[in-house]
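Right, one structure below, let's go through it.
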Amino acid sequence: MTTPVGAASLTRRLPVPRKYIPVLVTACLFAAMFVAGGIRYEGFATGQIILNVFIDNAFLLVVAVGMTFVILTGGIDLSVGSVVALSTMISASLLPAWPAPAVMVLVPAIGALLGLAMGAIIHYFEIQPFIVTLAGMFLARGLCYTIGTDSVSITDPAFTAFAQTRVDLVADMWVSPSVLIAVLVVLVAAYVLHYTPFGRRVYAVGGSEQSALLMGLPVARTKIAVYTISGFCSALGGLLLSFYMLSGYGLHAVGMELDAIAAVVIGGTLLTGGSGYLFGTVLGVLVLGLIQTVISFEGTLSSWWTKIFIGLLLFTFIVLQRLIAGRGKQ
Amino acid sequence: MSALLRHRLFWPGVVLAGLLLLNVLMTRNFLAIEIKDGHLYGSLVDIARFGAPLILVALGMTLVIATGGIDLSVGSVVAIAGALACLRIGDLNDQNSVGGVLAAVGISLGLAVLLGGWNGFLVAGAGIQPIIATLILMVAGRGLAQLISDGQIITINSGPYKLIGGGYWLTLPFGIIVVLVVLALTAFLTRRLALGLLIEAVGGNAEASRLSGIRARGLLVTVYAFCGLCAGIAGLMISSNVSSADGNNAGLWIELDAILAVVIGGTSLAGGRFSLGGTVLGALIIQTLTTTIYSIGVPPETTLLFKALVVTVVCLLQSPAFRAKVFHRRRRPSASSTASEGKVKVPA
């Protein structure tokens, strides 16, 4: 393993601890993109642009929060995109008959239950998370198509109210209620992850499951809990998506698991687990959202450039993490 | 009997046999194979023929997984290879010229090897975790494929190109012949030469293999490049079968199917051992499942439900922990011994 000397001396000279560097780099990148966009495009450098990124990606933010928990334990959850789609489908098909509050309670419960089941299979039967959540992905997507193959629109007054309400902030800026829910989820998750015993256990299991077990930590409960949280967050994200789209469809959120994983990785969380911050995930989602905004402002760039840019970003961040981690081990 | 029960291909074999039996009961003349116009026809031939791209991708994936890695980018490579080949053929003056088609095929396979090698470089050279290293190409590759085809579906009309995915040769579908050749070559290289042993050594314990003098870096790059090549050939087959290239949807989720096939075939995702026969069996199970769903009249919408069910059942059956927990109570004396043995042999 050879590490360039420049990076080494750089990390040594920096006044911040090494563990904060990935998050800081993401923050700098976000700021740089925002400034560059502001210089290049008229009407870009406003607070509303950032709020719009939040509005358009509130559901992804919630899903990525759940994914952060799972990835911190060293696992992975491929089922999130399908669970999001399933949630929109269940909401849309139940709403004509059921009252909206009941749906809003039932859907996250179903998501949590799915996550619980996957977590239990992963832990008790010692099957890789990759395979179990892959089966979960097929199951949830299959359930969507079993409910219906067409897009179902939502006309429930409570849901449309959520979709159309503007929550005014200072100086003509506004957000949707979904953003408030997403921010609440982020705050609660950050508190749980960084200030409760459960949060420490998540890091401990991710650092080394064996050691956590030998230390007498309840590994089984922790592992199953993170998949339950991820299932809950995906279903909640699905609810937010149905507010945003006002429809339920089996093809909603195809490939969203990749976006969520990419956001977590760009946010500086190691896929091997045990290291990362929830705030980084928020920044990761913002960076992904800002890329789309820049591409829509550019106008001439085709949509597939988004994917290429995200790939390039992933590459940069992974190499960066590698450099930092490489220094840490030596 | 117990030796047979513990054979790693036993449970996948049972599942495949069960699926085929279901088909025999549901469909008349399911097993019949006949020759029409010098071509082989029959449901079994169709399963092999439509399963050919999946088998190829899964073969490459097997070797990658045996080294303890994983390649998520194969679906994107499938799309890129198909798009590039169709783009080159579309530019030819005479789309039926064999030379031009061969050149296009060569270029796109070359690119596929290059992309695989890039993955290998990231994993072996830069030391990045395989799942992330290949995630990069998985995300960016879809964009690249659309960039190559300019976001359009490229349609071509080329006789020689059509042969790869839809043609017949020596009464057999050409795709099956390609699979057999690649399978035979891979089996020869890995099981008759030391290559397979080296791959398993690297997957079992990379550090120990380095200390015993195995040059893991070159080996890893080769294995990932081979996986890219297999994905490239599969991409050509898929695009040739429909005479067009769709950068967005070609090979979508094939990486998941391929990983599934490998796991069903008894190769551990932890690396260190692999089974080519198991992988072919696994891919055939997935393809047979699809065929079964259509032939027994289950609505196609529920295909994914059935897939989830079969995946869960196969993986549970293979999980030593599951077998220990479930069969423990029923057959106390023998089960406890097999369970503990299985646990030692198969670190999940």
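Each reported figure results from applying straightforward, stated rules to the coordinates on display, with no laboratory input. Note that this is a predicted model, so its numbers are computed, not measured. Cβ sites come from the backbone with ideal geometry, for glycine too, and all protein chains shown count toward neighbours.
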Net charge of Cβ neighbours under 14 Å - reference A:V25; Lys, Arg +1; Asp, Glu -1: +3
Row for chain B, column shape: gyration tensor on C-alpha, a ≥ b ≥ c, rounded if a/c < 1.5 i.e. under 1.5, prolate if a/b over b/c, else oblate; value oblate
Surrounding charge for B:S76, neighbours by C-beta under 11 angstrom, Lys/Arg +1, Asp/Glu -1, total 0
Residue order, fewest to most surrounding Cβ atoms within 10 angstrom, among A:F34, B:F50: B:F50, A:F34
Segment A:L180-A:R166, extension gain: residue separation times 0.36 nm, minus the distance between their alpha carbons: 3.9 nm
Test of understanding: in a Gaussian network model of chain A with alpha carbons linked when under 10 Å, which of A:V186, A:V107, A:V16 would top the mean-square fluctuation ranking? A:V16
Springs between alpha-carbon atoms under 10 Å, Gaussian network over chain B: tell me which of B:I199, B:I148, B:I55 tops the mean-square fluctuations. B:I148
Quick one: what are the phi-derived ³J(HN,Hα) couplings along region A:260-268, Karplus 6.51/-1.76/1.60 with θ = phi - 60°, whole Hz, x for glycine and proline? 5, 5, 4, 4, 5, 5, 5, x, x
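Taking Cα pairs under 8 Å and at least six residues apart, what relative contact order does region A:5-329 come out at, in percent?
Reported as a whole number, the value is 34 percent.
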State the Cα centre-to-centre distance between region B:165-210 and region B:260-284 in whole Å. 13 Å
Give me the count of lysine pairs in the protein assembly as shown whose alpha carbons sit under 25 angstrom apart, restricted to pairs 8 or more positions apart or on different chains. 9
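Using R₀ = 35 Å, calculate the FRET efficiency as 1/(1 + (r/R₀)^6) where r is the Cβ-Cβ separation of A:L251 and B:L9; round to 0.05.
Working from the Cβ atoms, E equals 0.45.
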Which distance in nm do the two modelled labels at A:A120 and A:A102 give, with both placed 7 Å along the Cα-to-Cβ direction? 2.5 nm
Using a Förster radius of 41 Å, what is the FRET efficiency between B:N205 and B:F50 based on their Cβ-Cβ separation? Nearest 0.05, please. 0.60
Any idea how far the Cα center of region A:70-148 sits from the one of region A:201-223, in Å? 24 Å
How large is Rg/Rh for region A:5-329, to two decimals, with Cα atoms and a Kirkwood Rh? 0.98
Mean projection of the alpha-carbon convex hull of the protein assembly as shown over all orientations, in nm²? 33.7 nm²
In peptide A:268-279, what is the residue-averaged number of other protein chain Cβ atoms found within 10 Å of each Cβ? 1
A:T196 versus B:L193: modelled label distance in nm, points set 7 Å from Cα along the beta carbon direction: 5.6 nm
If Lys and Arg each add +1 and Asp and Glu each add -1, what is the summed charge of the other residues whose beta carbon sits under 11 Å from the beta carbon of A:W174? -1
Long-range amide H partners of B:R273 with built H, under 5 Å: B:S268
For the residue pair B:D91 and A:E298, what label-to-label distance in nm results when each label sits 7 Å from Cα along the Cα-to-beta-carbon direction? 2.3 nm
Give me A:C233, A:C28 ranked fewest to most by other Cβ atoms within 10 Å of their Cβ, as a rough exposure proxy. A:C28, A:C233
Which of A:V103, A:L258, A:Q210 sits farthest toward the positive end of the charge dipole of chain A, with +1 on the Cβ of Lys and Arg and -1 on the Cβ of Asp and Glu? A:Q210
Please build a GNM for chain B, connecting alpha carbons under 10 Å apart, and tell me which residue among B:I107, B:I35, B:I154 fluctuates the most. B:I35
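Per DSSP H run of at least 4 residues, take -39500 (n - 2.57); add these up for chain A, divide by its residues and hand me the 222 nm value, nearest 500 deg cm²/dmol.
-25000 deg cm²/dmol
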Chain B - percent relative contact order, Cα under 8 Å, separation 6 or more: 31 percent
What's the magnitude of the charge dipole for region A:5-329 around its Cα centre, counting Lys and Arg as +1 and Asp and Glu as -1 at the beta-carbon? Answer in Debye, nearest 20. 1280 debye
Given charges of +1 on the Cβ of Lys and Arg and -1 on the Cβ of Asp and Glu, with all other atoms neutral, how large is the dipole of chain B about its Cα centre, in debye to the nearest 20? 1660 debye
For region A:73-88, Karplus-derived ³J(HN,Hα) couplings (6.51, -1.76, 1.60; θ = phi - 60°; whole Hz; x for glycine and proline) come out as 7, x, x, 8, 10, 7, 8, 4, x, 5, 5, 4, 4, 4, 5, 4
Given R₀ = 56 Å, FRET efficiency for B:T155-A:L320 by Cβ-Cβ distance, to 0.05? 0.85
